[in-house]
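Just below is one structure, and these are the notes that go with it.
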Amino acid sequence: MGATEAKQDGGDGKPDEVPTETTEATTLEPITNEANDTIDSLISKLETLQVDEEEIPASLKKVAKWIESKKATRILVLSGAGVSCSAGIPDFRSPGTGLYDNLQKYNLPYPEAVFDLRFYRSNPAPFLNLAKELWPGIKHSPTLTHSFISLLHQKNILLRNYSQNIDGLEYLADLPNEKLVECHGHFRTASCIECQTPSTDCEKVILTSNDVPKCLVCGGLVKPDIVFFGEDLPNKFHSLLPRDVRQADLLLVMGTSLQVAPVSMIPDMVHCKRVLLNRECVGNFHTGRDVVFEGDCDDAVYMLAKLLGWENELLELNEKTRIRGNNDEKNVSDDNEIETKSGKNEVETEECLEDLCGLGESANERQC
């Protein structure tokens, strides 16, 4: 599971056979999404995104053609920690930079203990301290990839997004709850680990004090509804997945190591075209029917958006859901509880985009 990451036919009843195609990434400058970005820095980032259509890999052009020709109208997205890295949230397993390699300060017996239910019972402090750093809606904004998934929904071609992440950035990117399955849970609700009674003050206790949240009914420990090792995945996962894997006409896998079951098994369950946008090939991709782009997720979705003519919509949606920094007006209530829903942090996006980007006369041009 992650901190992000904690698995049409052609009319003849058989999956379309697509030749395996692995493409080296077109390298763009890294995209960051820090909360205190100024308009000037955002302009600078947008300038780094410019890429000629001739430079876009054939693999992405193939995917764009499927979408444009309506051969992909029920897209199933499987996303992992890699889609959140540019928001400043580390993945779990990257050597040196991953979350598991940077938990020494918590004096854990083993890195995974921070998400172990038995360990939490005996020592909740490491997870509670980590939760303060990761809590959604405070400093980490949705990335271009999160915005692209939300845009797929707006275009009425997203079947569902199965996210392995607990950072809540899909939700903050305005993806409706009915289109989102957070396989490893989220921070928006909390409950007692003993009697499962919902808690309403867990967020306030964790973010504004050094206390341990406790159940008002039985006195047990309370935690956000994140799936820990030893806990089952949400009922929503089990109830929706069988139907979704049958209905999907395109599987889009992004930013995941495909190492955590049962989510990692989703690519083996579908009977449709499969696309991997990832820094490395994972799972059993390269089986003779897949399209693989090895590179950064944000780069890939930006190039797809450019090919589809969605470029400005993507940037506008991403700017709309950006968490504003210290120089912006904050949405803090009288009792210092920070509003976390992205709609509370909207900016005047139309004016922003008019200043940042102009539409070129050609679909191939963007003037910044």
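Read the figures in this text as sums done on the coordinates, not as results from a lab. Just so you know, these numbers come straight off a predicted model, no measurement behind them. As a convention, Cβ positions derive from the backbone with ideal geometry for all residues, glycine included, and neighbour counts pool all protein chains shown.
Give me the net charge of GLY220's neighbourhood, meaning all other residues with Cβ under 11 Å from the Cβ of GLY220; Lys, Arg count +1, Asp, Glu -1. Could you put the intermediate results ahead of the total?
On the way: positive: ARG121, LYS214, LYS223; negative: GLU194.
It works out to a net charge of +2.
Using the structure shown, select from LYS62/LYS179; LYS71/LYS306; LYS62/LYS306; LYS139/LYS204; LYS62/LYS320 the pairs with a Cα to Cα distance greater than 22 angstrom.
Values: LYS62/LYS179 25 Å; LYS71/LYS306 19 Å; LYS62/LYS306 13 Å; LYS139/LYS204 17 Å; LYS62/LYS320 29 Å.
Going by Cα-Cα distance, LYS62/LYS179; LYS62/LYS320 fall outside the 22 Å limit.
Specify whether the C-alpha gyration tensor of the stretch 106-187 places it in the rounded, prolate or oblate class, a ≥ b ≥ c being the square roots of the eigenvalues: rounded for a/c under 1.5, otherwise prolate if a/b is larger than b/c and oblate if not.
Values: a/c = 3.43, a/b = 2.32, b/c = 1.47.
Cα axes put the stretch 106-187 in the prolate bin.
What order, most packed first, do the peptides 142-154, 248-260, 170-182 have when packing is the mean number of other Cβ atoms within 10 Å of each residue? Before the final figure, lay out the partial values.
On the way: 142-154: 26.8, 248-260: 23.8, 170-182: 20.8.
Result, highest mean first: 142-154, 248-260, 170-182.
Once the piece of chain linking MET269 and CYS218 is laid out straight, how much longer is it, given 0.36 nm per residue of separation minus the C-alpha distance between them?
Values: separation 51, 0.36 × 51 = 18.36 nm, distance 4.12 nm.
That pair, MET269 and CYS218, stretches by 14.2 nm at full extension.
³J(HN,Hα) across the stretch 58-69 via Karplus (A = 6.51, B = -1.76, C = 1.60, θ = phi - 60°), whole Hz, x for Gly/Pro?
Here the 3J(HN,Hα) series is 4, 4, 6, 5, 5, 5, 4, 5, 4, 5, 5, 8 Hz.
Calculate the spin-label point distance for SER209 paired with ALA125, positioning each point 7 Å from the Cα along the beta-carbon direction, and give it in nanometres.
Spacing of the two 7 Å Cα→Cβ label points: 1.7 nm.
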